[in-house]
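Everything on this sheet refers to the single structure shown next.
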Amino acid sequence: MPQAAKCAAPYSPVVEPLRFHFVPLLFAAVFFSCGIVAARFVWLIPALLLFGFLVCGIVGVLTACKAQSVSLLAASVVFFLLGAFGAEVAPRSAPQTQLGQLADGIQRTVEGRVTRLGPVRQIESNLPFSDKTREEQSQQIQLRLTAVTANDGNMQPLAGGLSLTLYAPLDAALPSVACADTVRATVTMRKPERYLDPGVWDERAYMLDEGIAAFGSGKAASFTIVSKAQRPSLLCWLHIMQQNASSRLLVFADGQQSHARLPTYLRLSREDATMLTAMLTGDRSYLSRGVRTGFERTGSFHLLVVSGMHLAIFAGLVFFIAKTVRMPRIAATCITILLAFCYALFTGYGQPAQRSFWMITLFLFGRLLWRERSALNAIAFAALALLAVSPHALFEAGFQMTLLSVLAIAGIAAPIAEKTFAPYLAALRDLWLLPIDPALLPRVAQFRVSLRMIVEHAQLLVGRRVSNCIPFLVRLSLRALELLLVSIIVELVMSLPMALYFHRITAVALPVNLLVVPLLGILLPSAILTLLAVLIVPAVAFVPAAVTAAMLHAVLWAVHLFAGSMTGDLRTATPSMVAIVLWMACSAAAIWVIRQQRLAVTLSLGALAAAACIAILPHRMLYRTGTLEVTTIDVGQGDSLLVITPEGKTLLIDAGGIAGASPESKFDIGEDVVSQLLWARGIRGLDAIAITHAHADHIGGISAVLANFRPREMWIGRNPDSPAYDRLMREAVMLGIRTQQHFAGDIFYFGTAEIRVLSPAPGYLPKSTPTNDDSLVLRVNYGETSALLEGDAEAPSEARMVALGGLHSDLLKVGHHGSKTSTTPGFLDAVSPSYAAISVGQHNYYGHPKLETLEKLEAARVHTYRTDLLGASTFYLDGKHVTAAGWDQVPVR
């Protein structure tokens, strides 16, 4: 066949309507997902689901020819029932109850097999209630336990997962342990934290899904190797390869910094290497919180770590190389799938990599079989396969975001392109092959003719070489337009998950992605070449490393530029259920409308814009009007209280903290616990925040709260200077927050609630370091009901308050976590509360609350609520009565 005839096939943009016979798997996936959702909220008997499946299946087969509408309805119900059945019978994570009971903070001897090793690191850690740090070595080791010391002191068989952190001084060596070795150690175990607050992520459930039921810490001196492994498992071998690649890359970066022959922007620093390890190997253990924050602010964290995009770029590179060397179609497809699978395994085979791998496999097999490729069908098939294996993945943020991204591209962006500029982009192929023109649409044929005329006329002015670049520039412009369209559509669609899971309005994500995504197409291949060179021929690794460093520094420049702007730190509350449903309706309408004939592009973009506005616009805060609310937030061993006045004014008192936390910790209780609860309540800003005193378990989370909620004013007592407290004062000034100092005797109104300050006294002089008696104590009154919130005030402060008088309150926030140094008999008699709340952490080091304090409260017939047992508790004061509700009864979005 002549070449002209081969190329003469007309390019006609076809956007198939959203109907069952065009995309049957999409409808199947939708109903399958609906069944999973139904099973999450209502328990359905599996036997009845199977019976309904058989009945509907028979009805569908019998009516397939004569009543297609009935047959389609039956098919929809079949997939709905299949989804519900799969969700009901899907295996759950083993609860590992026995190990959880033994993770009580008591030292125990454990024995087990090493399943994963982390790198040896030098860290800094704080002593409790101290700003002094100490340097030491640490290593994370995951164990599959076989035996543990029981309460009777004897070793007993026990199966479970333990994540152990070994510590050793800098001058001591950590044990040389390998994956699959059998080891024994004396450790202190605890269960992963579970903060019983609405809207807060459940780390305990997540770790159980990962097979880990307890965290442990121990000294390297108590760690012994019982037996060395003869042959590591495949999983161990992969982890060893991953860790070795990461460490080699870090060593290379350290060595490159010592050579000044290349400019700085062409050299990899250690921080650059930590980002490359996350990007190439999936090892995030080296990433600092500062690096993560910049990418999170710009909505581009998926660019930093191994994601579906990385695997797609890798597979595309392999397939391109295979085509370049003229490899046969079947061989190129098989090699691409095999190498993509190996790379996904190497990076840990996480959920994003799994989903991307199956999508790539389906697409390549579609090309191989010469089948008509429907992107929506391929996406739906991959989703069905993944949900059939793991139905509960439907509720994972990663699965939802990956699925929404590809739906946005295939379901909306691609049809918009087909209806607008895609025909012109395709028409640039074989521009000078004239026989193609008659087979094209008239407007597209005219475009080709006009472009050829422009090139010919330009030759007279600028010469043949320059004029021949014009089609390339046009193609480049259309590709840029394509990238812009995809970025806009994806960002609009991702507005809901970003607001729902990350509480971010990624206003800067669009320009960042426009700058970064093209760079990533160069960065990732060069980074892979750098890693291969470092592992195989280190002597020549500086060549690809220079390209990698230049691209990476350009990416970092773009991310830091936009992350530092005010628009890079916009936060939003959790969307309401109504908003989520409306967002889903608008997004579905956008996918449907773009496949219509008239005004499709305008209406589709309008529906998407409406969906984004619904997701991020302010919604009503959830509170009881006409009622004063006091909520004790579960922050572990710390304090944090939320006060909402009858008309909706908000006051946060303290924000918890982690005593003895490492400065390198990726966990921030203000961001990850307190802010999450406030967003779940629909709170976008605070009217005031109060600092009772400057201990770490009260102010550790305030910095994040100040940045996220920008309170109008901050109330303080009289506190001594300390690094953490002084830093907060500077941050308040930078954010324009007005600071008000209060002393005993001050009385003022906060909304319709009257606030009386009970401590510290006007003449109080603090010590050189923060103490509990620095506490700012407030009595909040509404009508005939009141709450006394005393921070960590101890006996001396309580005696001064008793002397002042007027302490009677219906609710008492017990001082100092129920310590025996507070809640003196005279003070308790003066307050005479009906309810008491104690903010305390499970299995804390201090033994709070003390039995003596609990007995005093019981003797006084006070209804006592503890955050370690009951989680967040809310007390409603309506002016005449007080009622209490548990954390699962607080209204959230």
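The values are calculated or read from the model by the stated rules, or taken from the named source; none is laboratory data. Because the structure is a prediction, the values reported are computed rather than measured. When we count neighbours, we look across all protein chains shown, and the Cβ atoms used for this are built from the backbone with ideal geometry, even at glycine. The protein model used for the area step is the full one, side chains on, heavy atoms only, and it has no ligands, DNA or RNA in it. Shrake-Rupley method; radii C 1.70, N 1.55, O 1.52, S 1.80 Å.
Checked against (1) modelled with pLDDT under 90; (2) in contact with a His (Cβ under 9 Å, 6 or more places away or on another chain), G638 passes all but condition (1). From the list V200, V226, the lone residue that is farther than 30 Å from Y501 by Cβ and either in contact (Cβ under 8 Å) with a residue 24 or more places away in the chain or outside any helix (DSSP H, G or I) (or both) is V226. Does the stretch 763-774 include one or more residues that are of a type outside the set (F, W, Y), under 20 Å from V643 (Cβ atoms) and open to solvent by less than 10 Å² (accessible area, probe 1.4 Å)? No, the stretch 763-774 contains no residue that is of a type outside the set (F, W, Y), under 20 Å from V643 (Cβ atoms) and open to solvent by less than 10 Å² (accessible area, probe 1.4 Å).
Scanning the stretch 424-436 for residues that are under 24 Å from L481 (Cα atoms) and open to solvent by less than 50 Å² (accessible area, probe 1.4 Å) gives L425, A426, A427, L428, L431. For P328, the criteria (1) under 17 Å from I528 (Cα atoms); (2) open to solvent by 40 Å² or more (accessible area, probe 1.4 Å); (3) modelled with pLDDT of 85 or more; (4) not hydrophobic (A, V, I, L, M, F, W, C) hold in every case but one, which is (1).
Of the strands (runs of 3 or more DSSP E) contained entirely in the stretch 772-817, those carrying at least 2 residues that are of a type outside the set (S, T, Y) and closer than 14 Å to R756 by Cα fall at 777-782, 785-789. Note on the stretch 523-549: residues that are over 19 Å from I313 (Cα atoms) and surrounded by fewer than 18 Cβ atoms within 10 Å (Cβ to Cβ) total 7. Just one of the listed residues (A253, A221) is part of a helix (DSSP H, G or I) and within 33 Å of the chain's Cα centre (by Cα), and it is A253. A single entry from F22, F41, F53 fulfils the requirement of being of a type in the set (F, W, Y), out of contact with any Pro (no Cβ under 8 Å at 6 or more places or on another chain) and crowded, with 17+ Cβ neighbours inside 10 Å: F53.
Among the residues of the stretch 108-115, some residue qualifies, meaning at least one is modelled with pLDDT of 85 or more, aliphatic (A, V, I, L, M) and farther than 21 Å from S33 by Cβ.
Any idea which of R452, R475, R448, R504 is open to solvent by 60 Å² or more (accessible area, probe 1.4 Å), at negative phi and not hydrophobic (A, V, I, L, M, F, W, C)? On inspection, the qualifying residue turns out to be R475. The set of residues in the stretch 777-787 that are touching a residue at least 60 places away in the same chain (Cβ under 8 Å) and either open to solvent by 30 Å² or more (accessible area, probe 1.4 Å) or within 35 Å of the chain's Cα centre (by Cα) (or both) comprises Y782, G783, E784. Within the stretch 716-743, the set of residues being open to solvent by less than 40 Å² (accessible area, probe 1.4 Å) and of a type in the set (S, T, N, Q) comprises N719, S722.
On inspection, F421 fails the criterion of being open to solvent by 50 Å² or more (accessible area, probe 1.4 Å) and either touching a residue at least 60 places away in the same chain (Cβ under 8 Å) or touching a Gly at 6+ places or on another chain (Cβ under 8 Å) (or both). Among the candidates L706, L686, single out the residue that is farther than 25 Å from Y835 by Cβ and of a type in the set (A, V, I, L, M). L706 is the lone residue from the list that is farther than 25 Å from Y835 by Cβ and of a type in the set (A, V, I, L, M). Candidates V512, V486: the one that is surrounded by fewer than 23 Cβ atoms within 10 Å (Cβ to Cβ) and part of a helix (DSSP H, G or I) is V486. Among residues that are assigned to a helix (DSSP H, G or I), over 30 Å from L196 (Cβ atoms), in contact with a helix residue (DSSP H, G or I) (Cβ under 9 Å, 6 or more places away or on another chain) and without any contact (Cβ under 8 Å) to a residue 60 or more places away in the chain, L608 is not included. From the list A340, A260, the one residue that fits, being at pLDDT 80 or above and of a type outside the set (D, E, K, R), is A340. Screening the stretch 146-193 for residues that are assigned to a loop (DSSP other than H, G, I, E, B) and among the charged types (D, E, K, R) and picking the one that is least open to solvent (accessible area, probe 1.4 Å) gives D181.
Let's see how each residue does on (1) open to solvent by less than 40 Å² (accessible area, probe 1.4 Å); (2) farther than 21 Å from V643 by Cβ; (3) of a type in the set (S, T, N, Q):
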| residue | (1), (2), (3) |
| --- | --- |
| V814 | yes, no, no |
| L828 | yes, yes, no |
| A837 | yes, no, no |
| N844 | yes, yes, yes |
| Y865 | no, no, no |
| S873 | yes, no, yes |
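The C-beta contact set for the stretch 744-760 (first residue buried (at least 20 other Cβ atoms within 10 Å of the Cβ), second residue part of a strand (DSSP E or B) and modelled with pLDDT under 95, distance under 7 angstrom, 6+ apart or interchain) comprises A744/S759. The number of residues in the stretch 120-145 that are at pLDDT below 80 and assigned to a loop (DSSP other than H, G, I, E, B) comes to 6.
To keep it simple, each residue is scored yes or no on (1) surrounded by 24 or more Cβ atoms within 10 Å (Cβ to Cβ); (2) not in a helix (DSSP H, G or I).
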| site | (1), (2) |
| --- | --- |
| A585 | no, no |
| R598 | no, yes |
| R620 | no, yes |
| D634 | yes, yes |
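In the stretch 391-417, the residue that is modelled with the lowest pLDDT out of those that are touching a Pro at 6+ places or on another chain (Cβ under 9 Å) and of a type in the set (S, T, N, Q) is T402.
With respect to (1) crowded, with 23+ Cβ neighbours inside 10 Å; (2) in a helix (DSSP H, G or I); (3) not hydrophobic (A, V, I, L, M, F, W, C), the lone exception for P833 is condition (2). Taking the stretch 181-197 as the range and being within 31 Å of the chain's Cα centre (by Cα) and in contact (Cβ under 8 Å) with a residue 40 or more places away in the chain as the test, the residues that pass are V187, T188, M189, R190, K191, E193, Y195, L196, D197.
For the stretch 66-104, name all the residues that are part of a helix (DSSP H, G or I), open to solvent by 30 Å² or more (accessible area, probe 1.4 Å), in contact (Cβ under 8 Å) with a residue 40 or more places away in the chain and not aliphatic (A, V, I, L, M).
Correct list: F79, F80, F85, E88, Q98.
Just one residue in the set E790, E855, E798 is open to solvent by 20 Å² or more (accessible area, probe 1.4 Å) and at negative phi; that residue is E855.
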